[in-house]
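Novice: Here it is: the structure, laid out below.
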Amino acid sequence: MRLVLLFALTTAALYSCLLPLWEGFDEPFHYAYVESLAAGRLPILQHTRIPSELRESLKLTPVGPILHRSLPGSIVYSDWFALPPEERFARRNALESLRSKAAAQPSDLINYEAQQAPLAYALLVPLELLISSMSLPQRILVIRLFAAGMSTLLLFAASRWLAQTLGLEGPLRLLALVCVFESQMLWGSIAHVTNDWLAIPLVVTFAACLASLVRTRSSQKIIALGFLLAAGLLTKAYFLGFVPVFLAVLLYKRVCSTIPFRSRLFAGGIPVLVAGPWYLRNLRLYGNISGIQEITRGVTFLQAFHAFFHINWISGIIDLARWSLWTGNWSFVAFSRNTVNIELLLLAVSFCLLLVRFRQIAISELWIFFTIASFTFALVYYTCVAWVDTGGLAQAAEPWYPQAIMPAIWILACLGLERNGRVGRLVAGVLCVVSAWIAALTYLAKLFPLYGGYQVRATLPEMWKWWTGNPSALLSTTALAPPSVLYALLIGFLALLVALNAAILKKLV
């Protein structure tokens, strides 16, 4: 297990260092939230603007095509790599000269992340104040490394607790944890400045505490569950999707009469007292509890309900399933569809094997299924809202949302494999190889070449040509860490990847 943790921390560092400035989903706007709190101001949606320093940086560094379309004066990666070397380095030097200003002037860009709950950003404020004298790229790298590292530690502990509580043992527990930390989209969600660094491990901790609670008579655990929900609600509004689960377990414990009324009342009051004021603020400012941008812009529940019958759910679910495993950051580059489909098929087979042994499904597993279902229902509602807001363009939720439940999905899938003898071990072995293959190619054939100037479909000869050429020339103008650091982390990542998966395969044979 220590090797898994080392692998996860190495991957966190590699991803944080390799990802170019502002290539993380909505990163400049999330960071602007941190800067607002550091300046003593709580941002307000449709009113708070990002600082001029950040607006200037968006002209000095390459951005993905989606951000480029909405940002006058920005430059996409393909145009960046076509610039003369001296101009790229001049822009990079200008970027390095940007420093935080206590009285920074607001820019022309509205911060569309201003409605987010504050806890994850507030925890980053002391670090932001400590490193305020550093250049902008240096500050972002330090915050990324801190947030991704803390998220990794919390997620590792929570995932291990959940696996242990559900009775997943041996090589299949190891496989589940490795699959969690091999996932590109996990790192695409937490290895940049965002609130997901805290939200995702809080969801898994909530699930683990819930699974443990339903098997015990512990008043302490139901109170802990209340605190976890409150912390989650102060981190991200999608925790509203877990409120039905929390209310259901309070009712379940009342029916079972296993926990005193006083403890249940106290646990139920914690989220109301701790997180309630924030959501009352949303209601006062935006006219809705969640503060979701689309609802604030006027999308009604009736419109969302009607949208349900117009969305192509089959296509949307398939796309979201793929994106939940691999999405090339804010540039949204694609991975091999066939390879990702194989991993999805193996996951589906694993769940079928779990259901085949339905008599072995424990009460704690049923509650995890309920948790996943409740969150999925919230994603369905959000998809309907987004469909209305975009005039029918959005057919699925954003790919970083399902990351909250992906660790639980991996653990349940591996439970299905564990309970099916030779067939389960065979599927586990194939899943182990496929997941490791995707993880290796994520860096060797996708992200390193993408941010190092290679802009066409990857082939083995072309990849060899790129790696044996001068990959550092362009990579040094996009990544946040020097190429030498990136190569050292890549070697460590690959060595740990091979060692872990070899150990799993050896135990499965």
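Computed from the coordinates by the stated procedures, all read-outs in this text should not be read as laboratory data. In this text, all values refer to a predicted model and were calculated from it rather than measured experimentally. Note that each Cβ is placed from the backbone with ideal geometry, even for glycine, and that neighbours are counted across all protein chains shown.
Novice: Can you return the aspartates and glutamates within cross-link range of LYS253? Criterion is Cα-Cα under 20 Å, with same-chain partners fewer than 8 residues away left out.
Specialist: Answer for LYS253, where 20 Å is the Cα cut-off: GLU365, listed by chain and number.
Novice: Between the range 151-182 and the range 267-287, what is the C-alpha centre distance in whole Å?
Specialist: Centre-to-centre (Cα) distance: 32 Å.
Novice: Something else now. Whole-Hz Karplus ³J(HN,Hα) for the range 399-404, in order, using 6.51 cos²θ - 1.76 cosθ + 1.60 and θ = phi - 60°, x for Gly and Pro?
Specialist: Those phi angles translate into x, 7, 5, x, 4, 4 Hz.
Novice: Label-point separation (nm) for CYS256 and THR468, each offset 7 Å from Cα along Cα-to-Cβ?
Specialist: Using points 7 Å along Cα→Cβ, the separation is 6.2 nm.
Novice: Output the relative contact order of the chain, whole-number percent, from Cα pairs under 8 angstrom with separation of 6+ residues. Mind dumping the intermediate values first?
Specialist: Working: 714 pairs, mean separation 113.0, N = 509.
Answer for the chain is 22 percent.
Novice: Let me ask something additional. When a/c is below 1.5 the answer is rounded, else prolate if a/b is larger than b/c, else oblate, so apply that to the range 173-227 with a ≥ b ≥ c taken from the square roots of the Cα gyration tensor eigenvalues.
Specialist: It is oblate, given that a/c is not under 1.5 and a/b is not larger than b/c.
Novice: What residues have an amide H closer than 5 Å to that of VAL63, excluding those fewer than 5 places away on the same chain, when H is modeled at 1.01 Å from N in the peptide plane?
Specialist: Long-range HN contacts for VAL63: ILE75, VAL76, TYR77.
Novice: What three numbers, in Å, describe the spread of the alpha carbons of the range 16-141 along their principal axes, ordered from the longest?
Specialist: So the three principal-axis extents are 41, 29, 26 Å.
Novice: Could I ask something else about it? Using the Karplus equation 6.51 cos²θ - 1.76 cosθ + 1.60 (θ = phi - 60°), what ³J(HN,Hα) coupling, rounded to whole Hz, does each residue of the range 34-39 give in order, writing x for Gly and Pro?
Specialist: Each residue's phi maps through the Karplus curve to give 4, 5, 4, 5, 5, 8 Hz.
Novice: Using the Cα centre as the reference, give the magnitude of the dipole from point charges on the C-beta atoms of the range 182-296 (Lys, Arg: +1; Asp, Glu: -1; all else neutral), rounded to the nearest 20 debye.
Specialist: 660 debye
Novice: How compact and how long is the chain, expressed as Rg and Dmax of its alpha-carbon atoms in Å?
Specialist: For the chain, the Cα-based Rg and Dmax read 22.8, 73 Å.
Novice: Please list, in chain and number order, the residues 5+ apart from GLY328 or on another chain whose amide H is under 5 Å from its amide H, with Hs placed from the backbone.
Specialist: For GLY328, whose amide H was placed from the backbone, the distant partners under 5 Å are VAL333.
Novice: When a footprinting reagent is the concern and you count Cβ atoms within 10 Å, what order do THR468, THR296, THR194 take, fewest first?
Specialist: THR468, THR296, THR194
Novice: Each residue of the range 45-52 in turn: what ³J(HN,Hα) in whole Hz from Karplus with 6.51, -1.76, 1.60 and θ = phi - 60°, glycine and Pro shown as x?
Specialist: Karplus-based 3J(HN,Hα) across the range 45-52 equals 4, 6, 10, 6, 10, 6, x, 4 Hz.
Novice: So, one more: I'd like the distance separating the alpha-carbon centroids of the range 470-509 and the range 64-139, in whole Å.
Specialist: If we compute the Cα centre of each part, the gap is 27 Å.
Novice: If each DSSP helix of 4+ residues adds -39,500 (n - 2.57) and the sum is divided by the residues in the chain, what number results at 222 nm, nearest 500 deg cm²/dmol? Mind dumping the intermediate values first?
Specialist: Values: 26 runs with 341 residues, N = 509.
The helix-only estimate for the chain comes to -21500 deg cm²/dmol at 222 nm.
Novice: Normalised by the number of residues in the range 16-141, what is the relative contact order in percent for Cα pairs under 8 Å and 6+ residues apart? Mind dumping the intermediate values first?
Specialist: On the way: 143 pairs, mean separation 48.6, N = 126.
Across the range 16-141, relative contact order equals 39 percent.
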